[in-house]
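One structure below.
What follows is calculated from the coordinates using simple rules that are stated; it is not laboratory data. If you're wondering where the values come from, they're calculated on a predicted model, not measured in any experiment. Every residue, glycine as well, gets a Cβ built from its backbone with ideal geometry; the counts of neighbours run over all protein chains shown.
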Amino acid sequence: WVCSAGYERPKEADEDYVSWSKGFATRIQPTLLARPEICKLVRGYSFGLLKPKEKISQLETGEDELLKTIASSFRVDLAKQFLGVEWQGGAWNSVSPTHEGGSIATLGANPLLAVISGALFNLSASAILDLPPFSNMTRAVMWIDDFLKFELHHSLGHLEKGARKWARVRSDAKGGKGETGAGGGPAATVRKGRTPPSENLAAYTWGSYLPTLLMGLVMDAWIRDEANPDGFTPSDPGYKPPLVKALSTAITSGSFDHRTALKLAEELSQAAIERIEAVRKAWSKLRGPGKSESEGSDEPIHTLASAWATNSVWELLPEEVKKKEKSVNKDWIGLGLLQDGHGGSDEVRAISDLNPSVQEALRLLIYDAIDYVQLTLSWPGMIQTIRAVEIELIPLEPPKPSPRNNQ
């Protein structure tokens, strides 16, 4: 069994940045307009932007003033487009994207339905016995400890039909106290706590959050069949996402040889490139009105997400950073999704089209996925070994040093 609550969502007319930042598991700072006052938020710990020991002067800005600056670059319409949600019929609903590429709702963890580790997410003991932990990846991967693990169980047939709809015991935004949630139990929401915005928000978004989110979106392509929402009636009866297919075959056959691993690596790579191209299209179009909005200009302005997806980060960085060009880490993953010289509007067709740091992250993810299949085959024996150890024999305190070691 599985169950999860959801986060307390913003109301219909709520355009407050703080409410939206706490209302969904996927953060919305990638939708902030990349205005100069936002792009200068690369101070403090710069998430790899500068070489070691290099610094940028700190901002003399209080927390309240910083929050006002960030909130002024937030637009609800861009947040809705990014997440794939819309207020309809008195409640929040997932909507099909009106732009090419997709949204978080179609390419990853549905913001309204996905289970959330920070919102009372629980899996039964049998889930732990069937599959090993899913958070042992080399690099950070979004949703690795909740949505993706749930989807893997779902795609392998460990959960009954319709589990995506009933797993989340939730309350819609129109709900009230005591209302029944989607699972037939009491509606449950959690008020999410977020750390206050900091003066390194742009560096964090470009150098950490968006790459982590991209890896989660890639893993979604390896696990979840978009055309098969319930896991039982696929449009193509012979199709299974590559990681699900490999796991299912390995578990039923009890083997996973090198040749199969190499084939899986190719399939994972191809699925990853297709998903990354869809993400590039979606994020490239995530733009807002121009700087002269009050004068009626419709010149598009980048968001943090579109700047990263089109390799436009360098031109948006503050002059203080550009003057330190020799100190900038040219391999910084935050400079953009694509390889230098690859046009921001050009299709991603191979791993070589990506930023070398993104290439490395993707290859590590592929290796980790292959290792996970091998770990799954060893897992029952590991469980038996763990269970065979008597609790009384496990040292709960560190051993005391011997007198000889103290001499």
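The table that follows gives values for the structure above.
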{"quantity": "Protection proxy ranking, peptides 74-86, 384-396, 351-363, average beta carbon neighbours within 10 Å, highest first", "calculated": "74-86, 351-363, 384-396"}
{"quantity": "Segment 81-92 - phi-based ³J(HN,Hα) in whole Hz, Karplus 6.51/-1.76/1.60, Gly and Pro as x", "calculated": "5, 5, 7, x, 10, 8, 7, 9, x, x, 7, 6"}
{"quantity": "Fewest-first sequence of S21, S198, S253 by Cβ atoms within 10 Å of each Cβ", "calculated": "S253, S198, S21"}
{"quantity": "Packing rank of 25-38, 52-65, 201-214, where each peptide gets the mean count of other beta carbons within 10 Å, highest leading", "calculated": "201-214, 25-38, 52-65"}
{"quantity": "³J(HN,Hα), Karplus 6.51/-1.76/1.60, whole Hz, each residue of segment 3-16, x for Gly, Pro", "calculated": "8, 7, 8, x, 8, 5, 8, x, 7, 3, 9, 7, 10, 7"}
{"quantity": "12 Å beta-carbon shell around V95, net charge (K/R +1, D/E -1)", "calculated": "0"}
{"quantity": "For V85, distant residues with modelled amide H under 5 Å away", "calculated": "V95"}
{"quantity": "Residue order, fewest to most surrounding Cβ atoms within 10 angstrom, among V313, V95", "calculated": "V95, V313"}
{"quantity": "Formal net charge of residues neighbouring D353 (Cβ-Cβ distance under 12 Å; K, R +1; D, E -1)", "calculated": "-2"}
{"quantity": "Segments 255-266, 142-153 sorted - mean Cβ within 10 Å per residue, highest first", "calculated": "142-153, 255-266"}
{"quantity": "Inter-label distance for R139 and S126, nm, one decimal - labels placed 7 Å from Cα along Cα-to-Cβ", "calculated": "3.6 nm"}
{"quantity": "Unsatisfied cross-links (Cα-Cα over 31 Å) in the set K40/K285; K11/K240; K192/K323; K281/K330; K51/K149", "calculated": "K11/K240; K192/K323; K51/K149"}
{"quantity": "Cα-only Debye scattering, segment 85-144: base-10 log of I(q)/I(0) at q = 0.22, 0.23 Å⁻¹", "calculated": "-1.02, -1.05"}
{"quantity": "Under Karplus coefficients 6.51, -1.76 and 1.60, residue-wise ³J(HN,Hα) of segment 249-256 in Hz, glycine/proline x", "calculated": "5, 5, 5, 6, 8, x, 9, 7"}
{"quantity": "Charge context of E315, other residues only, Cβ under 14 angstrom, K/R +1, D/E -1", "calculated": "0"}
{"quantity": "Whole-Å distance, taken between Cα centres, linking segment 17-50 and segment 322-364", "calculated": "20 Å"}
{"quantity": "Gained length - T385 relative to S253, 0.36 nm times residue gap less alpha-carbon distance", "calculated": "45.3 nm"}
{"quantity": "For V190, distant residues with modelled amide H under 5 Å away", "calculated": "G6, Y7, E8"}
{"quantity": "Approximate spin-label separation Q359-R194, in nm, with each point projected 7 Å along Cα-to-Cβ", "calculated": "3.5 nm"}
{"quantity": "Amide proton proximity set for L338, modelled H, under 5 Å, gap of 5+", "calculated": "N311, N355"}
